[in-house]
1. R0 = 41 Å: FRET efficiency of B:ALA332 with A:THR413, Cβ-based, nearest 0.05?
2. I'd like the per residue volume of the convex hull spanned by the Cα atoms of region B:65-314, given in cubic angstrom.
3. Assuming a ≥ b ≥ c are the square roots of the Cα gyration tensor eigenvalues, decide whether region B:255-345 counts as rounded (a/c under 1.5), prolate (otherwise, with a/b larger than b/c) or oblate.
4. With +1 on each Lys and Arg Cβ and -1 on each Asp and Glu Cβ, and nothing else charged, work out how big the dipole of the protein assembly as shown is about its Cα centre, in Debye to the nearest 20.
5. So how many Å³ per residue does the convex hull of the Cα atoms of region B:66-213 work out to?
6. Averaged over A:360-373, how many beta carbons belonging to a partner chain fall within 10 Å of each residue's beta carbon?
7. Roughly how many whole Å is it from the C-alpha centroid of region A:276-334 to that of region A:71-125?
8. At R0 = 25 Å, how high is the FRET efficiency between A:LEU146 and A:ARG422 if r is their beta carbon distance? Nearest 0.05 is fine.
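Read the figures in this text as sums done on the coordinates, not as results from a lab. Small disclaimer: the values here were computed from a predicted structure and weren't measured. Positions of Cβ are generated from backbone atoms using ideal geometry, with glycine treated the same way; all protein chains shown enter the neighbour counts.
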Amino acid sequence: MIAPEPPVPVPTRFVPPPGTAPIVQLRGIAKYFPGVIANEDVDLDVMPGEIHALLGENGAGKSTLMNILTGIYQPDAGEIVIDGYPQSFASPVEAIAAGIGMVHQHFKLVKAFTVAENIHLGWSDTPRAVSAAVLERRTAELAQALNLTVDPAARIGELSTGEQQRVEILRVLTRKARVLILDEPTAVLTPAEAHELFRALKDFVARGNAVIFISHKLDEVLEISDRVTVLRGGRKVATEQTAGCTETSLARLMVGREIVLSDMRGRSAGAAPIGAPVMTLEDIRADDGQGHVVLDGLSLVLRAGEILGIAGVAGNGQKELTQVITGMRQAASGRILVDGADFSRAGAAEFADFGVGHIPEDRLHSGLAPSLSITDNAVLREYDRPPLSGGFGFNGRAATALAKDIAEAASVTVPDFGMPVRNLSGGNQQRLVARREMRIASRVLVAAYPSRGLDVGAINMMMRYLVELRDKGVAVLFISEELEELLNLSDRIAVMFHGRVMGVVDTAEADIDTIGLMMGGKRLTDDAKGRGH
Amino acid sequence: MAYRIQRIPSAPPSVALAARGLAIVLALVTAGIVLAALGFNPLALGWQVLRTTFGSSYGLEDVGLLVIPLIFTGLAVAVGQKIGAQNIGAEGQFYAGAFAATGVALFVPGPMAVILPLMFVAGAIGGAIWILIPTLARAYADVNELITTLLLNFVATLLVYWVATGPWLDPSGRALATTARLPHEVPEFWGIVHWGLPVAVVVVLLVGALFAFTRWGYEVRIAGSNPQAARYAGMPFRRHLIMVMLLSGAIAGLAGMFEVAGTVHRLQGGISNNFGYLGIMVAVLARASPIGVLPAAALMAIILNSGIVLQTQGITVSTVLAITGLILFYTAIGDELARYRIVRA
Ligand SMILES: Nc1ncnc2c1ncn2[C@@H]1O[C@H](COP(=O)(O)OP(=O)(O)OP(=O)(O)O)[C@@H](O)[C@H]1O
Ligand SMILES: [Mg+2]
C-alpha cells in the first residue's frame with residue numbers, strides 16, 4: 001500500500017458456539033452452459049461471523065456460483081444448505097427471504113429516485129400509505145441501526161459510486177440479510193471508500209452474520225477475509241485460513257503454477273525513444289450538458305512512445321477527458337491538435353481512423369452491445385475494412401475469423417461466437433475490449449482503468465501489452481486510481497482535480513506525497529516541478 | 001417434492017415454437033367454447049373454415065391475396081425496430097403509398113411497362129414522405145416517433161377518404177365513393193393472386209440480406225442494440241436512424257401501392273383494412289426478424305381469412321374480431337411463458 005492508512009478498527013470478533021452449523025453450505029454444485037463447465041463439484045461453507053473471500057481467474061465461475069446461491073441460476077447438480085436445512089431458491093426474492101442478499105457489480109438502482117425510494121422499492125415491509133417524509137425517516141432509522149451513513153433524500157444519480165454502493169448494501173441489509181455477497185465491490189471504489197466499506201463489513205459480521213467477498217485484489221483479500229476459497233476452471237481447488245496465505249501463495253493456487261510478474265520499469269533495448277507530440281490538448285473546456293463544468297481549462301501533451309499516467313480520484317473529469325480525446329464529446333472551447341492538424345471538431349470515426357484506440361471506463365455500456373453476438377462485438381473496430389468489408393458488403397465468415405483471432409490473443413475461450421457477449425464473464429469482456437482496441441491503436445491508446453475486473457495474471461499481461469505498444473512508439477494515456485500501478489508503468493504522471501491538471505511529474509522523480517496533495521487539489525509549484533511538462 | 005417456476009432470459013427456440021403452437025390451439029379451444037355458448041357447432045364451423053381455406057384453391061388464393069399487404073406492413077414495422085424505432089404509422093404510410101400510386105396511374109399517361117414501375121416508386125416515395133416529419137423530429141429533436149407516426153395515420157385516412165369522394169371521385173358517376181378504376185393493374189399469376197406476392201417475398205429477402213450481409217446492416221444492428229456503442233465506434237447514428245425510418249415508411253407505402261394496383265383497383269376510403277396496424281402484430285410475431293415476417297404474415301392472413309369465412313356463416317364481425325384478438329393474445333402470453341420453466345424444489 002502506498003498511501004499510509006489508519007488500520008481498520010477491529011470490532012470484537014463473533015465466535016460461533018461450537019457445533020454451530022455453517023450459515024451457508026454448498027455441496028457438489030455444478031452448472032453447465034453450452035460448451036462450458038462454469039461450476040463442477042463445488043463445496044463451500046461459510047460460518048457465522050466470517051468474511052469468506054472467493055478467488056479465481058477470470059471465467060473461473062465465481063459469479064456463476066453466487067448467482068446459483070441467490071437463485072438467479074438453478075444448479076445442474078448439488079444442493080444448497082442454509083443453517084443446516086437444504087433449500088432451493090427459484091429467484092433472488094426467495095434467497096433474500098432466506099437471508100441471502102447480493103450486491104452485483106453493476107448496480108440495480110433507479111437513478112431518478114431518491115435513496116429512500118430505492119430502499120423501499122419492491123419491499124413487502126414498505127408501508128402502504130407512504131409520504132416522502134415517512135420513507136426518509138424510516139430510511140434514516142434503518143441506516144443508523146445498520147451503521148451506514150446515507151442521505152435518504154438524495155437522488156441516486158447525484159451520488160458517487162461509493163455512496164451508491166452503500167445504498168445497495170443498505171437495501172440488502174434492510175431485508176434482514178444475514179449473508180451479504182459482494183461481487184468485486186472495490187473495483188469501482190476509491191481507496192478511502194474501500195476502507196469505509198471494510199469497516200462496515202467487519203461491523204456486519206461482528207453481529208454474527210457472514211460476508212462472501214469476490215475480489216481480484218489479493219492485498220484486500222488478505223486484509224479483510226478470515227478464510228479464502230479458490231476456484232479454478234469451475235472447480236474448487238482449496239479453502240484456506242487467510243492468516244496462513246500470502247499474495248504469492250494465493251496467486252499460485254488461482255493459476256495452478258508459479259506466476260512470474262514481470263517488472264515493467266525501464267525501457268527495453270529496442271524501444272522507440274519518447275518522440276514528438278502526437279496529440280496536444282490546449283485549454284479544453286467542456287460541460288456535462290447540465291451546466292456543470294467537467295473539464296476546466298485542461299492542457300496535456302501525449303508523446304509518441306510514452307505512457308502518460310493520469311492520477312486522481314474518479315469523477316474529477318477523467319471520463320470526459322477520455323471522451324474528448326476520442327471524439328465522443330465535443331469540447332466547448334480549446335483546441336485538440338493531432339499530428340499538428342486541428343481535430344477539435346472531429347468525430348469518433350476520424351479519431352479511430354487516425355489510430356486512436358479506446359478502452360472505455362464503462363465497457364459494458366459504451367464499449368459493447370451486450371445483447372449482440374461476441375463476433376459482432378469483437379469486430380466493432382474493423383468491420384469497415386478488408387477482409388470484413390470491401391466497401392458495401394459485410395463478410396460474416398471473415399468477421400468470425402477475426403473474432404476468433406481477437407479472442408485467442410485475449411486468452412478468452414469462447415464456446416460459441418454467436419452467443420451474446422453479456423454471457424462472457426466480466427473479466428473476459430474486459431480482455432476482449434482491450435485486445436480489440438489495441439489492434440487499432442497505431443498512434444494513441446486511451447486506457448481507462450484497463451485492469452478493472454481482471455485477475456492478477458491478466459493485469460500483468462495487460463501491463464505488458466501497454467509497454468509493448470509504448471515501445472512501438474504509440475502514445476498511451478493510462479488512467480488509473482492505483483498509484484502503485486501508475487508509478488510502475490507511466491513515464492510521466494498528470495494529476496487531475498476538478499477537471500484540471502494540477503501538475504505533471506516525471507515518474508522517476510515523483511514524490512508520492514506531492515501526488516497525494518495534488519489529488520486533493522493543490523497545484524504543483526514551480527520549484528517542485530520536475531522536467532515534466 | 002415441490003415444484004416452482006423460474007424465469008430465464010430467453011427461451012430456447014424449440015420451447016418458443018412449442019409455446020406458439022400451444023397458444024394457437026388454446027385460442028381455438030377458447031373460441032370454440034365461446035361459439036358453442038352462442039349456439040353454434042364449433043366443430044362443424046372449424047371444419048368449414050379448414051375446408052374453405054385449404055380445401056380449395058379459392059381459399060388459398062384468398063389467403064395469398066391477404067398476405068401481400070401484411071408482408072409489407074409487417075416488414076416495415078420490423079425494419080424500424082432494427083434501430084429501435086417504433087413505427088406505429090404503417091397505416092398512414094399505406095394510405096400515402098396508395099394515394100401516390102393512384103395519382104400516377106390516373107394522371108400520367110403511358111404504357112403499363114412504364115407506368116407500373118413508376119407507381120411502385122411513387123408508392124415507396126409516398127410512404128417515405130409520410131414518415132419524413134416524424135423521422136426528422138425524432139432524429140433532431142428527440143420527439144417520440146410513436147405518437148407522431150400514430151397521429152399522421154388519422155390525417156392520411158381522412159385525406160384519402162376526401163380525395164376518393166371529392167376531387168378524384170370516379171367521373172363516370174357509377175361509383176359513389178371511389179376513384180375510377182385504375183387504367184393499369186398488377187397482373188395476376190395464380191388465380192386472383194397478383195405479382196405483388198413474389199415481389200413482397202423478394203423485398204423481404206433483400207431487406208434480410210441488407211441487414212445480414214452489408215456493412216450498413218451491421219452498423220444499424222449495433223446502433224439499434226446500443227446507441228452508445230455506435231457513438232463510441234464513430235457510426236453516424238442519426239443518419240442511420242433517418243435512413244432506416246424512411247425505408248420503413250417506403251415499405252409500408254408499397255403495401256398501399258400493391259393493394260390499390262393489384263387487389264382493389266380503385267382508391268377508396270378505408271382501403272387499408274387496418275393492414276398497417278396488423279403489421280405491428282406481424283412484426284411482433286416475427287420478433288422483428290425480416291425473414292420471420294414471412295411465416296408471421298402467413299399466419300395472420302390465415303387468421304383473417306378464417307374470420308371472413310366465419311362471417312359468411314352468420315357470425316358477427318365483432319365475434320370474429322374477438323377470436324382474432326384471442327389468438328394474438330394467447331400467442332403473446334405463450335411467448336412470455338416460454339421464458340419460464342419449472343424447477344424442482
Ligand atoms: N449465461 C451464460 N451463458 C453461457 N455461458 C455463461 C453464462 N454465464 C457465464 N457463462 C460462462 O461461465 C464461465 C464462468 O463465468 P463467471 O461469470 O462465473 O466467471 P467469474 O469467475 O465471475 O469471472 P470474472 O472474474 O471474469 O468475473 C465463463 O466461461 C462464462 O463465459
Ligand atoms: Mg464475475
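1. Once the sixth-power term is evaluated, E becomes 0.60.
2. Values: hull volume 32.8 nm³, N = 250.
With only Cα atoms used, region B:65-314 gives 131 Å³ per residue.
3. Working: a/c = 3.22, a/b = 1.62, b/c = 1.98.
The shape class here is oblate.
4. On the way: 72 positive and 78 negative charges, 336 e Å.
Roughly 1620 debye for the protein assembly as shown.
5. Given the Cα convex hull of region B:66-213, per-residue volume reads 134 Å³.
6. Numbers: counts 3, 0, 1, 0, 2, 4, 6, 5, 6, 12, 3, 5, 7, 1.
Partner-chain Cβ atoms within 10 Å, mean over residues of A:360-373: 4.
7. 40 Å
8. Details: r = 32 Å, r/R0 = 1.29.
Efficiency at R0 = 25 Å is approximately 0.20.
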